[in-house]
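In what follows, a single structure is set out as structure tokens and then discussed.
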Amino acid sequence: GAMSAVYKRELRSYFGSMYGYVYLAFTLCVIGVYVTVNNLLNFTAEMSYTFSDMAFMSIFLIPVLTMRTFAEERRNKTDMFLLSLPIKPVEIVLGKYLATLSVFGIPVAVTAIFGLVLRLFSDGSVLLGSIGSSLVAGISYLLLGALLIAVCMFISSLTDSVVLAAVGGFAAVL
């Protein structure tokens, strides 16, 4: 329906430009460093430390991810066009939110795959770790990201400046 059209449009805006790819590349590089330091160098498949470090990085990454959601629409004057379409405002917001959450979820899924691969190749004596705490840490990180995306999208809806949206989102998250 209408919400899926907004979702697809928003995903195209992320991956139609370099913005989404740069976000993913930077995030995956940071995750790679955390997995190396927390898991590979310590011989553990326990992913909770990695997700904890990623939660700290979310303070910086999520405002950058969400700064364009509404601020750019206002700056380009396309927000009035969106609101004039036969789409409910709730569908617009949910479509944008789910698209942003999808982009945020890609590195989370990759990190979960890292944890599964580490667990798969561990023999139990060298690589020790608990599946439960890794799973809870991953779900907690995903829920934290969902909350912070909602807050930062709200901040983005208050301004037409992308930079102000990022700084405001950073201040709100901090």
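The values are calculated or read from the model by the stated rules, or taken from the named source; none is laboratory data. Keep in mind it's a predicted model, so treat the numbers as computed, not measured. No Cβ is skipped: glycine too gets one built from the backbone with ideal geometry, and neighbour counts run over all protein chains shown. Surface accessibility is based on the protein's heavy atoms, side chains included, excluding ligands, DNA and RNA. Shrake-Rupley method; radii C 1.70, N 1.55, O 1.52, S 1.80 Å.
Is the range 77-91 home to any residue that is under 25 Å from Leu143 (Cβ atoms) and surrounded by fewer than 16 Cβ atoms within 10 Å (Cβ to Cβ)? The answer is yes, given that some residue of the range 77-91 is under 25 Å from Leu143 (Cβ atoms) and surrounded by fewer than 16 Cβ atoms within 10 Å (Cβ to Cβ). Filtering the range 1-21 to residues that are crowded, with 17+ Cβ neighbours inside 10 Å and either outside any helix (DSSP H, G or I) or β-branched (Val, Ile, Thr) (or both) leaves only Val6.
On inspection, Thr69 passes the criterion of being open to solvent by less than 10 Å² (accessible area, probe 1.4 Å) and not in a helix (DSSP H, G or I).
Considering every residue within the range 76-83, establish whether at least one is charged (D, E, K, R) and in contact (Cβ under 8 Å) with a residue 12 or more places away in the chain. Looking through the range 76-83, none of the residues is charged (D, E, K, R) and in contact (Cβ under 8 Å) with a residue 12 or more places away in the chain.
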